[in-house]
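Heads up: the structure comes next, in structure tokens.
Readers should treat all values here as calculations from the given coordinates under stated rules, not as data from a laboratory. On a predicted model such as this, the values are computed, not experimentally measured, just so you know. Note that we place each Cβ from the backbone using ideal geometry, even for glycine, and neighbour counts take in every protein chain shown.
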Amino acid sequence: MKRVLFIVILLIAVFTSAVALADSPTEPELLKVHIINVGHGNAILIQAPQGQEILIDAGRLEYAATVARYLRRLGVAEIEHVIATHPHNDHIDGLYYLLNIFSAQRVIDPLAPIDRKEIRDYMKFVASKGIPIIEGHAGLSFELSPGIAVDLVGPVKPCNFRLNDNSIVAKVTFGETKFLFMADAEITEEQSILTSGADLSADVIQIGHHGLYTSTSQELLDSVQPSFAVISCAGKERPFGRCSKSVIKRLDANNIPVFRTDLHGDIVITSDGVNIQVETAGL
Ligand SMILES: [Zn+2]
Ligand SMILES: [Zn+2]
């Protein structure tokens with residue numbers, strides 16, 4: 001029933017490019033997921049109805065001012081949880097800017113068993129801000145606010161040679177609606193998550209590794225069964241190697257509509273706990 005409602009609403013959202021927020025006299029409680037267009041990179045803000053936030057990644061440094069403007073426009077002053085999915089520059093470098101402007105209660109990081117100077121520098125920077133760093137891995141769960149569960153399903157085990165396969169993969173559940181954020185998990189991590197037996201079912205999946213062919217196996221899609229997908233990826237900026245045709249074809253073959261930041265700009269997904277609506281900003 002939820003899915004039928006969703007499809008109707010999604011089509012309306014696509015054709016009008018607008019979110020039709022409920023017009024009821026009592027304000028509905030809405031969870032908002034903002035996939036911010038940061039070119040090649042990742043920056044997602046999740047806002048609970050009571051105002052608590054999760055920032056999943058911060059994009060590259062050159063997009064940090066864009067992300068900061070976006071957060072300010074939403075009235076964000078403090079970020080409860082920063083999930084730094086893995087320490088690649090297109091995910092964490094923006095933190096060097098954002099954490100000078102916004103306070104954060106904690107940074108959740110996979111603490112990958114890989115020693116590199118840039119990772120040590122980033123950890124030192126976060127520590128210098130007095131922000132606690134929490135190890136994020138499968139099994140860690142918390143409530144963003146009452147009724148909104150955040151469950152980490154990856155990484156299941158540390159990978160000592162690939163940062164992408166140490167990505168924090170998070171599932172957010174609000175009422176009957178579920179969101180899965182794959183970060184840059186590639187096939188190896190997908191497989192370990194699938195064999196872990198975690199419940200991956202979700203209405204919305206953020207496609208892993210910017211839509212690159214390294215990720216998004218049929219097995220994963222079979223397990224998640226999403227109603228639609230979002231991809232944070234660059235278009236002309238990176239004409240080769242990003243958002244692979246094979247992934248787009250696979251999503252198409254599975255009848256999964258796709259929203260992409262390189263085609264649709266910022267993407268805002270709104271859930272009232274039952275229905276999901278999509279708004280795209282356009283480019
Ligand atoms: Zn990336
Ligand atoms: Zn990466």
Q: For the chain, build the convex hull from the C-alpha positions and give me its volume per residue in Å³.
A: 124 Å³
Q. Roughly how big is segment 208-263's charge dipole about its Cα centre, with Cβ charges of +1 (Lys, Arg) and -1 (Asp, Glu), in debye to the nearest 20?
A. 240 debye
Q) Taking the chain as a Gaussian network, Cα atoms linked when under 10 Å apart, which of Pro110, Pro49, Pro132 shows the biggest mean-square fluctuation? A) Pro132
Q | Projected-area mean, segment 101-207, by convex hull of Cα positions, square nanometres | A | 7.5 nm²
Q) To the nearest 20 debye, what charge dipole does the chain have about its Cα centre, counting +1 at the Cβ of each Lys and Arg and -1 at the Cβ of each Asp and Glu? A) 620 debye
Q.
For a quick check, take a GNM of the chain with Cα springs below 10 Å and name the residue from Asp109, Asp57, Asp121 with the largest mean-square fluctuation.
A. Asp121
Q.
Taking the Cα centre as origin and putting +1 on Lys and Arg beta-carbons and -1 on Asp and Glu beta-carbons, what dipole magnitude results for segment 145-221, to the nearest 20 debye?
A. 140 debye
Q. Could you give the semi-axes, largest first, of the ellipsoid that matches segment 163-281, computed as the square roots of 5 times the alpha carbon gyration tensor eigenvalues and rounded to whole Å?
A. 20, 19, 12
Q. For the chain, can you list the cysteines whose C-beta has no other cysteine C-beta under 4.7 Å from it?
A. Cys159
Q: Let me know the Kirkwood hydrodynamic radius for segment 18-139, please, with Cα pairs as the basis and the value in Å to one decimal.
A: 15.1 Å
Q) Which of the lysines could a cross-linker bridge to Lys249, judged by Cα under 22 Å and excluding same-chain residues fewer than eight apart? A) Lys236
Q | Shape call, segment 207-276: gyration tensor on alpha carbons, a/c limit 1.5 | A | oblate
Q: Can you pull a Stokes-Einstein diffusion coefficient for segment 239-283 at 37 °C (0.692 mPa s), Rh from Kirkwood over Cα pairs, as a whole number of µm²/s?
A: 269 µm²/s
**Q.** Contact order normalised by residue count of the chain, Cα under 8 Å, 6+ apart, percent
**A.** 20 percent
**Q.** FRET efficiency, Ala127 to Asn89 (Cβ-Cβ, R0 22 Å, nearest 0.05)
**A.** 0.70
**Q.** Partner lysines for Lys32 [C-alpha distance under 25 Å; skip if fewer than 8 residues away on the same chain]
**A.** Lys2, Lys171, Lys178
Q. Cα centroid distance between segment 107-185 and segment 262-281, in Å?
A. 23 Å
Q) Using 20 Å as the cut-off for backbone N distance, which residues of segment 195-217 belong to the label zone defined by a point 7 Å from the Cα of Lys245 along Cα→Cβ? A) 210-217
Q.
If I require 18 Å or longer along the helix axis, counting alpha carbons, and a Kyte-Doolittle average no lower than 1.0, what helices from the chain are left? Use full DSSP H segments.
A. 2-16
Q | Normalised convex hull volume, segment 170-213, alpha-carbon set, Å³ per residue | A | 66 Å³
**Q.** Dipole of segment 62-203, positive end: most advanced residue of Val169, Val150, Ser103 [Cβ charges, Cα centre]
**A.** Ser103
Q. Antiparallel DSSP bridges in the chain: what percent, to the nearest 5?
A. 60 percent
